[in-house]
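Just so you know, all these numbers are worked out from the coordinates, no wet-lab data involved. Just so you know, these numbers come straight off a predicted model, no measurement behind them. Positions of Cβ are generated from backbone atoms using ideal geometry, with glycine treated the same way; all protein chains shown enter the neighbour counts.
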Amino acid sequence: MLKAANVTLASLVMAVFFAVANSDAKSCAAHPYGPTGTTLSGTLISERHYRPPYYDEDPNHDVLIRILILKLDTPLSTIPDAHERTAYRCVSKLQLMGNLPDRIWHSVGNKLTIRGTLFPQEIVRHYTRVLLMVEDVQFLDAAP
C-alpha cells in the first residue's frame, strides 16, 4: 500500500509540474538564440552591480558599474540551439550589450523597441540569465 501511495504522490507531483510548465509556456513567447535576431519592447532601466574581482567583498576596493536592462513588456522563454545553450522560461529582464547609441543612457525609464540577438549568460560580467546583443534601437518615448 505504501508503494502505491508513493507512485500516486509522484504522479500527482509530475502532473502539477507539467500543468505549471504548460501555463508558463503559454504566457511567455519562445524566442531562439543566435543569428536569427528578435525584436522586443520594454522599459529601459539601469542597475548597479559590483564588478570583478571583489563582488562586494572589500569596501575599499569594490567597483560599482551601471548596466542597462530592458524590462520586457512580455516575458520570453528561450529555445535551446545546436550549441546546447540553456533554455530559460519567462525571462523578464535582459542586459543590453554591444555598441549602444549614446542617447540610450538618457532614455532610462522610457519605452524602447530593440532589435538584436539573444544569448545566454556566459561570463561573470553578464548580470542577467539572458542578454541581448543590440543591433538597432527605436526610441518610443521622447528622451529628455
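Below, the figures for the structure above:
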item	result
Selected residue [closer than 25 Å to Q138 by Cβ and surrounded by 17 or more Cβ atoms within 10 Å (Cβ to Cβ)] from L100, L94	L94
Any hit, segment 97-110, residues being within 22 Å of S27 (Cβ to Cβ) and not in a loop (DSSP other than H, G, I, E, B)	no
